[in-house]
Amino acid sequence: MSSTPLPPGLQIEKVDERIMTLNVGPQHPGSGHMRIIVKIDGDYIVSADPDPGYVHRGEEKMAEYRNYVLNIPHLERPVIHDSCNVLYPYCLGVEELLGLEVPERAKYLRVIASELNRCVYIQYWLAIYGIFLGHSTMFMWPAGDRELYIDMLEKMTGARVTHSFFIPGGIRNDVPANFEDMLLKRVNYFEKRIKEYAAIFYDNPILISRTRDAGKLSREDAIRLGTTGSTLRASGVNFDLRVKEPYDAYGELDINVPTLKEGDAYARSKIPWLDMLESCNIIRQAVQKMPKSGSVRVKLKPNPKGGNDEVYKRVESGRGSLGCYVVSRNAPEPYRVKLSVGSFRNLICMPYLLKGEKLGNMPAVYWSLNYWPVEADR
Amino acid sequence: MGTATGIIKALNSGIKHLAVKRFTLRYPEQKLKMVGDGYQFDPSTGVGIAGYKGRHMLFHDHCTGCQLCSIACEGVAEAISMVKVQEEWKQNKKAIMPQIDYGKCVFCGLCVDACPFYSLYMTNDYELSSFTKEGLIYTPAQLQVKPNISQDVELKFDNPRGATHG
Ligand code: SF4
Ligand code: SF4
């Protein structure tokens, strides 16, 4: 017997009686600017399907209409809290295309700026992680201590979050007088403050029982799914571009990359905190080794033109490896700019991690992936 | 470490903060001190001078009406438009000067980098809110005014009970 044709009009999808589909987001504070379609059986997640793309801004297309310098203010927008690191690969790439040699002092100042920015980003991320877990002290403390470095960056670059500080060929301006003293005071105090987070957050049995063994990602899976940054290092893979492919002054600095073996949400939330402690060490080393005076920027021609060339550069951002591919076709504007971001790579493993978790644990696992919706959508 | 000791330790570290100095900056009673008089740029060396990127300041006696600032901003925010001014300056034959719309400006400072005649700088003034959209548009005459703001609070680290804003 041939099947009877369906009647026109609204058709109802056949569903399993036990399974319920929930849309978490896109305007839910527990999801960021994205939607997660979760299917639940009782309290347990059967499948989770992330649906990003709500904050697509067309950064890559916009870059094709602006010259190499005017691209700077908008290319740092994907993660304004980490704006120096987002611009970093673009600047490294354009420097290679235009054949610019960055002055030694600028290299160190870039390292300092990008480490400060990493801490500012991680503090913001940690504040949100705290409030996702219902730990409101952990929202207040990082949000307050972040101000130390924001203030420092403001004195260095002239803006609190969107610094527009890096430029192909160096940095926009030299640092103010008395810079090292101001910086070291803040770094020392910041380090003392973040060490206090251990007792209230990381050693807190309530947090541990909530996040231990939640969303376990094994070492093999972490590599197979192509995760990066803190997610990869929490699964026991020692991979950090600052050490593996040192750029600018990172090669001269001694960096201990923190790694943990467990691969659960607890380890993933702890790695960024260890990163911040390491950042303080890196900043102190950079201040010591930095040339005390000298040029910070090579003079650019107006409307500089690149040759017929292409280049791919990547750096370690707050969320993992961040690559930028720039194609130049003898014009003042790039022919193509493509950003390859850590957030999106980390999102790939989310459906695997959430399967079998309790729904209440979803924010704990989701945000531990160090995912930034705006960056993933560009 | 047992669960009970862990919880007590966590509570304790919070309670200790009752004795820690307040870190909050009480804006607008207090305003943070900036370095310098705002972001400036030296076209001869091609390097900027550190400072806050706030509202611009236009020096009418230097501006030649060359429009380079406006061309730079076209690729960023299209905030600058060149307008006729009544004044007569011998270096500015066309008598046009930039007018900036702060509803669009993103305070990147690339217009300052573009100006070759030392006539456009930025200042420490960031309190630009207005009730109307027109109020955000600053004419060359308004941009000429040097802002008069008292920003004097600095972070202090000398107190053993924690850093404060004075
Ligand atoms: S600071 Fe940037 S956005 Fe503002 S007027 Fe100048 S170039 Fe335009
Ligand atoms: S402010 Fe500078 S760049 Fe703009 S029109 Fe005047 S002289 Fe030219």
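The values are calculated or read from the model by the stated rules, or taken from the named source; none is laboratory data. As the structure is a prediction and not an experimental result, all values here were calculated from the model. All Cβ positions, even for glycine, are placed from backbone atoms using ideal geometry, and neighbour counts span all protein chains on display. Heads up: the accessible areas ignore ligands, DNA and RNA and are worked out on the full protein's heavy atoms, side chains in. Shrake-Rupley method; radii C 1.70, N 1.55, O 1.52, S 1.80 Å.
Is it fair to say B:Ile96 is over 30 Å from A:Ser83 (Cα atoms), open to solvent by less than 30 Å² (accessible area, probe 1.4 Å) and within 11 Å of ligand 2 (Cβ to nearest atom)? Criteria met by B:Ile96. In the set A:Val326, A:Val257, A:Val287, A:Val311, only one residue is without any contact (Cβ under 8 Å) to a residue 60 or more places away in the chain and β-branched (Val, Ile, Thr); that residue is A:Val257. One residue stands out in the stretch A:63-94 among those that are assigned to a helix (DSSP H, G or I), open to solvent by 10 Å² or more (accessible area, probe 1.4 Å) and under 14 Å from A:Pro332 (Cα atoms): the one that is nearest to the other protein chains (Cβ to nearest Cβ), namely A:Tyr65. Let me spell it out: the conditions are (1) within 16 Å of A:Val341 (Cα to Cα); (2) crowded, with 23+ Cβ neighbours inside 10 Å; (3) within 14 Å of chain B (Cβ to nearest Cβ); (4) of a type outside the set (Lys, Arg), and A:Ile112 meets all of them except one. Which number is the exception? Going through (1) within 16 Å of A:Val341 (Cα to Cα); (2) crowded, with 23+ Cβ neighbours inside 10 Å; (3) within 14 Å of chain B (Cβ to nearest Cβ); (4) of a type outside the set (Lys, Arg) one by one, A:Ile112 breaks only (1).
The condition (being modelled with pLDDT of 85 or more, within 11 Å of another protein chain (Cβ to nearest Cβ) and surrounded by fewer than 22 Cβ atoms within 10 Å (Cβ to Cβ)) is satisfied by just one residue among A:Asp181, A:Asp145: A:Asp181. Per this entry, A:Tyr88 is counted among residues that are touching a Ser or Thr at 6+ places or on another chain (Cβ under 9 Å) and aromatic (Phe, Trp, Tyr).
A quick yes/no check of all residues on (1) within 22 Å of B:Thr123 (Cα to Cα); (2) more than 11 Å from ligand 1 (Cβ to nearest atom):
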residue: B:Met57; (1), (2): yes, yes
residue: B:His62; (1), (2): yes, yes
residue: B:Gly65; (1), (2): yes, yes
residue: B:Leu68; (1), (2): yes, no
residue: B:Ile71; (1), (2): yes, no
residue: B:Val76; (1), (2): yes, no
residue: B:Glu87; (1), (2): no, yes
residue: B:Gln91; (1), (2): no, yes
residue: B:Ala95; (1), (2): no, yes
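Within the stretch B:140-156, if we keep just the residues that are open to solvent by less than 50 Å² (accessible area, probe 1.4 Å) and out of contact with any Gly (no Cβ under 7 Å at 6 or more places or on another chain), the residue that is farthest from the other protein chains (Cβ to nearest Cβ) turns out to be B:Pro140.
For the residues B:Glu74, B:Glu88, the requirement of being without any contact (Cβ under 8 Å) to a residue 12 or more places away in the chain and within 13 Å of ligand 2 (Cβ to nearest atom) singles out B:Glu74. Restricting the stretch B:2-31 to residues that are more than 7 Å from chain A (Cβ to nearest Cβ) and hydrophobic (A, V, I, L, M, F, W, C) leaves a set whose member that is most open to solvent (accessible area, probe 1.4 Å) is B:Leu18. Of the residues making up the stretch A:249-269, those that are surrounded by 22 or more Cβ atoms within 10 Å (Cβ to Cβ) and outside any loop (DSSP other than H, G, I, E, B) are A:Ala249, A:Tyr250, A:Ala265, A:Tyr266, A:Ala267, A:Arg268, A:Ser269. With respect to (1) at the interface with chain A (Cβ under 8 Å from one of its Cβ atoms); (2) in contact with a strand residue (DSSP E or B) (Cβ under 9 Å, 6 or more places away or on another chain), the lone exception for B:Glu78 is condition (1).
The sole residue among A:Glu147, A:Glu101 that is over 14 Å from A:Tyr197 (Cα atoms) and not in a helix (DSSP H, G or I) is A:Glu101. Among the listed residues B:Phe59, B:Phe131, which satisfies the condition of being within 16 Å of ligand 2 (Cβ to nearest atom), modelled with pLDDT of 85 or more, farther than 30 Å from A:Glu196 by Cα and open to solvent by 60 Å² or more (accessible area, probe 1.4 Å)? Residue meeting the stated conditions: B:Phe59.
Considering only the stretch B:146-156, I want to know if a residue exists there that is touching a residue at least 12 places away in the same chain (Cβ under 8 Å) and either within 16 Å of ligand 2 (Cβ to nearest atom) or over 30 Å from A:Lys185 (Cβ atoms) (or both). The answer is yes, given that some residue of the stretch B:146-156 is touching a residue at least 12 places away in the same chain (Cβ under 8 Å) and either within 16 Å of ligand 2 (Cβ to nearest atom) or over 30 Å from A:Lys185 (Cβ atoms) (or both). Scanning the stretch A:160-176 for residues that are within 8 Å of chain B (Cβ to nearest Cβ) and surrounded by fewer than 24 Cβ atoms within 10 Å (Cβ to Cβ) yields A:Thr162, A:Asp174, A:Val175, A:Pro176.
If the condition is being within 17 Å of the chain's Cα centre (by Cα), open to solvent by 30 Å² or more (accessible area, probe 1.4 Å) and within 16 Å of ligand 1 (Cβ to nearest atom), then the stretch B:106-128 contributes B:Val106, B:Phe107, B:Tyr121, B:Tyr126. For the stretch A:43-78, the candidate set comprises residues that are under 27 Å from B:Cys108 (Cα atoms) and of a type in the set (A, V, I, L, M); within that set, the residue that is nearest to the chain's Cα centre (by Cα) is A:Leu75. Being at the interface with another protein chain (Cβ under 10 Å from one of its Cβ atoms) and either loosely packed, with under 14 Cβ neighbours inside 10 Å or β-branched (Val, Ile, Thr) (or both) is true of B:Ile49.
Restricting attention to the stretch A:199-215, does a residue exist that is of a type outside the set (A, V, I, L, M), closer than 30 Å to A:Tyr108 by Cα and free of Cβ contacts under 8 Å to residues at least 40 places away in the same chain? Checked against the condition, which is being of a type outside the set (A, V, I, L, M), closer than 30 Å to A:Tyr108 by Cα and free of Cβ contacts under 8 Å to residues at least 40 places away in the same chain, the stretch A:199-215 yields no hits at all.
Return yes or no: is A:Asp309 assigned to a helix (DSSP H, G or I) and of a type in the set (Asp, Glu)? It is false that A:Asp309 is assigned to a helix (DSSP H, G or I) and of a type in the set (Asp, Glu).
Of all residues assigned to the stretch B:32-46, none qualifies as being away from every other protein chain (no Cβ under 12 Å) and in contact (Cβ under 8 Å) with a residue 24 or more places away in the chain.
Scanning the stretch A:271-307 for residues that are small (Gly, Ala, Ser) and open to solvent by 60 Å² or more (accessible area, probe 1.4 Å) yields A:Ser293, A:Ser295.
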